[in-house]
Amino acid sequence: VSESPIWLERQKHLNERREKDQISLLRIFKRDMIGVTIHTSILLTGFMFSYHSTTFWYPTYLRQSHFQPFWYLIALNLGGIFGAMTWGRVAETKVGRRGSATIAALIGILSIPLYLMTTQPFNIFAGAVFMGFGGAGMWGVIPSYLTERFPTAARGVGPGFAYHIGAAFGSFTPTLIGALKD
């Protein structure tokens, strides 16, 4: 497999300047990158919080509301699959990454009444589809958004670091919601 043209150009640039790439983990904490590292880590924490808050307790909520969760979870996940494909593609248009994620999040927010505040099976089903399409589907934007935020030298570690920081902090969401529920 031949090297990527971007990587080859980067190597040429470094050779001309007689420099070497820094270890990428250290690179994301340098003065010019720390803001991006913090911002993307906070953003991914918010995404994780959003995702866990709309999915983790949902089967329990449905059972307590006397609904069998299976078909509603299928609806939620199918909405998420089609949403991720849609919002990932929309992110490549004039709407951009931020616009795509914002529209998807707004759809998730607007679907809350159907998702949680009704007793009609069809409405709950529609709410699950829309919540999946917007709330879970907004994840379709994340891969391209994260990789473009970091320079080539940190393109592997930057997105991975931000994602895992978000996952670490977001992992408290189910516990927090469970505590608020009681």
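Every condition in (1) in contact (Cβ under 8 Å) with a residue 24 or more places away in the chain; (2) within 22 Å of SER4 (Cβ to Cβ); (3) assigned to a helix (DSSP H, G or I) holds for GLU92 except the one numbered (3). Looking only at residues in the stretch 64-101 that are among the charged types (D, E, K, R) and under 13 Å from the mean Cα position of the chain (by Cα), the one that is most open to solvent (accessible area, probe 1.4 Å) is ARG98.
The condition (being open to solvent by 100 Å² or more (accessible area, probe 1.4 Å) and under 28 Å from the mean Cα position of the chain (by Cα)) is satisfied by just one residue among ARG17, ARG27, ARG31: ARG31.
Of all the residues in the stretch 14-73, those that are touching a residue at least 12 places away in the same chain (Cβ under 8 Å), of a type in the set (Asp, Glu) and in a helix (DSSP H, G or I) number 0. Of the residues making up the stretch 1-12, those that are free of Cβ contacts under 8 Å to residues at least 24 places away in the same chain, open to solvent by 70 Å² or more (accessible area, probe 1.4 Å) and either assigned to a helix (DSSP H, G or I) or within 29 Å of THR175 (Cα to Cα) (or both) are PRO5, LEU8, GLU9, LYS12. Please go through the stretch 102-127 and pick out each residue that is farther than 17 Å from SER53 by Cα and either open to solvent by less than 80 Å² (accessible area, probe 1.4 Å) or assigned to a helix (DSSP H, G or I) (or both). THR102, ILE103, THR118, PRO121, PHE122, ASN123, PHE125, ALA126, listed by residue number.
The values are calculated or read from the model by the stated rules, or taken from the named source; none is laboratory data. Source: prediction; values computed, not measured. We place every Cβ from the backbone using ideal geometry, glycine too, and count neighbours over all the protein chains shown. Note: accessible area is taken over every heavy atom of the protein model, side chains too, but ligands, DNA and RNA are not part of it. Shrake-Rupley method; radii C 1.70, N 1.55, O 1.52, S 1.80 Å.
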